[in-house]
Each structure stands twice: as C-alpha cells, then as structure tokens.
Amino acid sequence: MPEGVNSAQNLVCKGEVVAAGSDTVKLEFTPAGLAFIVGNGQKILDLTPLIRGRNQSSLEFGLHHGEALFGTGERFNGVNQRGEKVTIWAEDRWCQTEGNSYLPIPFILSSRHYAVLVNRFEASSFDLGCECQERWSLTQLDAPLDVYLVFGGPPAAIYAKLVKLWGNPAIPPDWSWGTLVSRHLDTGEFTRPEGIREMAEQMKKQDLPWDAVIVEGWDTFNPERHEALKKITAELARDRKKVMVYEACGRLPKSYWQPLRAHPDYFIRNQDGDCEAKEAPHFNPADAPDRRQSCFLDVTNPAAVAWWTERVWRPLLDGIGISGAKIDFCEQIPEDDHLTVHAGGVKGLHHRYPVQYNLMMAQQFNKFAADGGLCWSRGGSIGAHLYPFVWCGDQLREFRFLKAVLSAILSSGISGVPFMGHDLAGYLPAGNGDKEADVFTRGVQFSCFTATLSTHGNVTRPYDFPSPYIDLYRFYSKIRYLLRPYLEEQAEICSQTGLPLVRHLFLHYPDDHDFLNCEDQYLFGEDILVAPILGDARSRSVILPPGKWCNLFDGQTYQGKTELKNYPVPLNTIPVFVAAAPQSKVIEKIVAEIRQLPMPEA
C-alpha cells in the first residue's frame, strides 16, 4: 500500500456501512445478494455474492438505465466508460487511444453517487456493462479482493471521504505552473550547453516566458558531465530559470551504475540471480520491439535507496542545483514470478514500483531542491496523486490527440489524480495531413487552461512558426502567467478536497443529464469554464451551467443554463467563461489584467 493510504473509512459492521462522516448506509440482504440503502430509503447499489474462480475473484453490481461509470484511471477513448471492457494494466501502446493507459487505477465513480476502489496493485479488469447492460463487474486477477465502497451524496462529498482514505494530493511547486521547455533527445539540442543557451536566447528575443528546461538526453548519471551541468544550471539560475533532468524510473544499464560503485544487490534480480531483467512486454516499436534487458533499482531495499539518493541524486540536487526530473517509462517494470526483490514477493510490482519510486523521488526533490522540486512522472497507479505531477504520455501533433488528451486528463482527475500535464499539442509530427500550425495553436489555447504548459518533442519549436502563430503563442503564454495566482489558489483547494484542477462538469452538476456525457468542455478550478477547440473548426456549441457567465476576453455576459450554438471561434480565440459571482478571491483582478492584453488577429 502506498505511503499516505490509510485503513478503510467505510466498514461493513452489523448490517450497516459506517461512512466516513455522518451518513449511514444500511445493508439489506436480498435473494440476489446485498442492497445498499441510503438514509432517505433509496437503493443506491446492489451487489451479488463473491464469485470465485481459478486464480481470480469477481464481484457484480447492478447497473441502472442512464447510469454513467467514470474512472479506471487515465483513459484516452472517453471519460464515461459505460459499455466498455477495461483492463487495469499500465502499458506503453505509443500513440494509441483505445485500451491504452499509462496510469490505470482500479476505481469507479458512478453517477448514482457511490464509488468503488479496489485497493490492489495486481492486474484487474472491469466489464462496465459490455456483456450485460444490467450489470457491471470487477475481476481481481491472482490476488485477494480488497474493495472499498464509498457513499456520500454528491461527488464532492465522496472525494472528501476518499481524501481521508488515500491521503491528500501533493501540491506542485509554484514555479511549475509556468512554462516547461523540453526537446526530444534525438534532436540533441539540450544535450549540450550551447543548445540550451540558444533556446534561452530565442525565447528572450521573441518575448516568450518560460520557467524551466528539461535537459532530456543529458547523461546525468555521468559525474564527468556534472561540472558542465553545474555551470549551465548556475547560468540559468541568474535569470531565475530552473533545470530539470530526464530519468527512466530507476531503469538503467550496467554502464551507468557500475562506475557509481553500486552493489549488485541494489537491483531487482532475475531467476539466475543476475541484476538484468527482461522488461514488461509492451507495444512501443520505437523503444522495444522485443523485451530488452535492463537493471531496475530495488526500491524495497533501504541500502539501495540510501545509495540512490545520497550517491546519485543528492549531488545533482544539492550540489549542482537541479530542480527535479521528468520520469519516464514507469510502465516497463516487469512482474515475472521468478524475479526477486529485497522485500520478498513481486505480485503487483508492475504498478506498485512506479508509485513507490516516484514517492521516493518527490521526497528527495522537496528535501534538497531549492524552492521545492518537481517530480513529473508518466505513470503509476493507486497513490499517484501523492507526487505532484503526471503527464499523459506520447501523442502526435494531430487534432484527434487533443481530444484524447482531454479525455485522459478528465478521467485521471476523476480517478483521484488532480494535476496532469501533456506535451503541448503533441511531441511527434502529424501523420494525417493536419496543418501543424493550427493544431499547435489550438493546443496552446487548450494547454493554457490545464495543469501545465510544456513544449516537447521533435516537432516545430514555438519560435520557429511564422509570426502570426508566434504572436498567438506569446498571447496565451502571458495569459498563463497572469493565471498563476489562481492556479496556486485552486491547487490548495484540490489538495484539501481531492477534486481535480480540470473538472468534468458532472463533478459540479451531478444531477444535470446534459453534463453527464459532456466530454469536450470542463471547469478549470471553481470559476472558469473552458470549451477547447479539438478539431479544425471555427465554431462550436457551448453549454453554460446555471448562473451568470462572462466571456473572459470581451466581457459579454450570458445567463445560464443555456446553449450557445455555433459560437464563433476564429483561430485567435477559445471559448472561456468566468463565473460572474466567483468563489475565487483572485480571479477578478486576473480577468481585468487579461482584458488589457491586446489579442492578436486571427
């Protein structure tokens, strides 16, 4: 169980489920199994008895007409997973959107105001009304069932109980709300100080704000390069810029760790006792068409953790002054029965390892990095909300991936991970003929109102586009910086409540059917409604929730609930509306400042 996850707050005892709070849910035994009755006498859920099979156990739940089932972690194919079969298994399927997840979480939130959490790291599966429209089921593979049922009225009340169960989300450092700049290692741009300086000069020349550079491709574990890294880090620090390195979730070849005097017992061992193990099978043809051999740090070994933090990372953080790391390949940890770790068994290791590893790294960054460090990871499972940021993996610079990214962010948020970023408009070039500059612009507008603005990949850099597109990028970058007080305020609220920063409208309007399956607009914190442009379009419909809403850019006010049909969206704008009676203490000042910025022409 990851650090911060406590014992269950909902206990079946003497015919009642004692909820975390004042709510009481009664159990009623029926011929079919159990029924859960809330205080007002409404049956909220029915459950069949445990079904045991060979190496697996299953539970079945009643499924009602119109009921939506959210969760299961990061999902690219949609947020409401009703009618789908979902496998809880992290895998790098590389730019696929169906069945792919870098961050699977065995969690379901129902529109009937209950939640189900399977508190296991082993693989599991969910049939969410695919085979039978009147039932949904979960199957735990090769592990005992450890299931929490959470009841509590509207979603906000359920998340308040979940926070007590699995811990408060971690808050990213303030500087990480700005722009993070990265490039694919194949370009070689940030593998040398000259390339980093060139980027800094170009961003300054074009008046494009940024906060940190991620030096992917820099051999950070090579002490011979530490002096050069320290020099460029100090150079950038004088301009208040930070440096992050790139790291592969404790996965490294012998050529790295042998010069650092690591003991072989510091690594996961294969059946022959060797420290090289076959990686988990996956479907990324660029990285591993077959199972490559790698060494994985044994995070269950205290001596290995001490070596890793003191011998490898403390010199980078405390001595050189880096500010964290982008941690990749979290889904490559194998789970073969013949592997051994210091702590014993390896069941659930595929999902447990990245959570434990990232928590270890986040603690080190917070301890040794100035101004708080950033652990920005590609994956994990239950407990991923306890390290500040995740990003949603690899996408192409195509319109269809903007929709997939929004789905991933919304589904991860519902599953308890409040801060998810992505590579701005994709990190690999389009392969379907979409106009890159337009996808880039729509991606910038969308990213401006998410958890992070991050450039990456071997695609066109922001300052290499024609001037009109650079102007649009600059405009939304500056909006992003004006939004930072709001982001900091809302992040505190997310940590306290467990609600995500980018919110599916169901979380605020659970009884409004129009918002149940609305997956192309969202609330950004409490007071901003965003309707991103996810295709090659110059108009779209927007549904405004109840209350008064003001257009962020021109101040026009609308009375909700209403639908704005064929709302015009030229390339220079995105539909963003602010609550006329906001809960935020800082948003009114921010709106006034944004309206003073001259909007570039379309």
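Each value in this text was obtained by applying a stated rule to the coordinates, not by laboratory testing. Note that the coordinates shown come from a computational prediction; the quantities given were computed from them, not determined experimentally. Note that each Cβ is placed from the backbone with ideal geometry, even for glycine, and that neighbours are counted across all protein chains shown.
Quick check: from the Cα gyration tensor, does region 272-408 come out rounded (a/c under 1.5), prolate or oblate?
oblate
The length gained by stretching the chain between Glu563 and Ser255 to full extension, at 0.36 nm per residue less their Cα-Cα distance, is 104.9 nm. Classify the chain as rounded, prolate or oblate from the Cα gyration tensor: take a ≥ b ≥ c as the square roots of its eigenvalues, call it rounded if a/c is under 1.5, otherwise prolate when a/b beats b/c and oblate if not. It is oblate, given that a/c is not under 1.5 and a/b is not larger than b/c. Look at the Cα gyration tensor of region 11-166: its axes a ≥ b ≥ c give a/c of at least 1.5 with a/b over b/c, and that counts as prolate.
Modelled spin-label separation between Leu50 and Gln206, with each label point placed 7 Å from Cα along the Cα-to-Cβ direction: 5.9 nm.
R0 = 56 Å: FRET efficiency of Lys231 with Asn168, Cβ-based, nearest 0.05? Numbers along the way, then the final one.
On the way: r = 39 Å, r/R0 = 0.69.
Once rounded, the FRET efficiency stands at 0.90.
Give the lysines reachable from Lys278 as a straight Cα distance under 22 Å; neighbours fewer than 8 places away on the same chain don't count. Reachable lysines: Lys254, Lys347. Take 488-501, 404-417 and order them by the average number of nearby Cβ atoms within 10 Å per residue, most first; the result is 404-417, 488-501.
Each peptide in 25-31, 426-432 receives the mean, over its residues, of other Cβ atoms within 10 Å, and ordering these scores from highest gives 426-432, 25-31.
Calculated FRET efficiency, Arg238 to Phe29, Cβ-Cβ distance, R0 = 51 Å: about 0.15 to the nearest 0.05. Spin-label model, Thr460 to Asp438: label points 7 Å out along the Cα-to-beta-carbon direction sit 1.3 nm apart.
The trypsin sites (Lys or Arg not before Pro) of region 418-499 that DSSP puts in a loop, and whose beta carbon has at most 14 other beta carbons within 10 Å, are Lys435.
My understanding is that a pair violates if its Cα-Cα distance is over 30 Å; which of Lys205/Lys230; Lys231/Lys589; Lys435/Lys548; Lys561/Lys585 do that in this structure?
Check vs 30 Å cut-off fails for Lys231/Lys589; Lys435/Lys548.
Ranked from highest to lowest mean number of other Cβ atoms within 10 Å per residue, what is the order of the peptides 73-82, 353-362?
Details: 73-82: 23.6, 353-362: 25.4.
Ranking the peptides 73-82, 353-362 by packing returns 353-362, 73-82.
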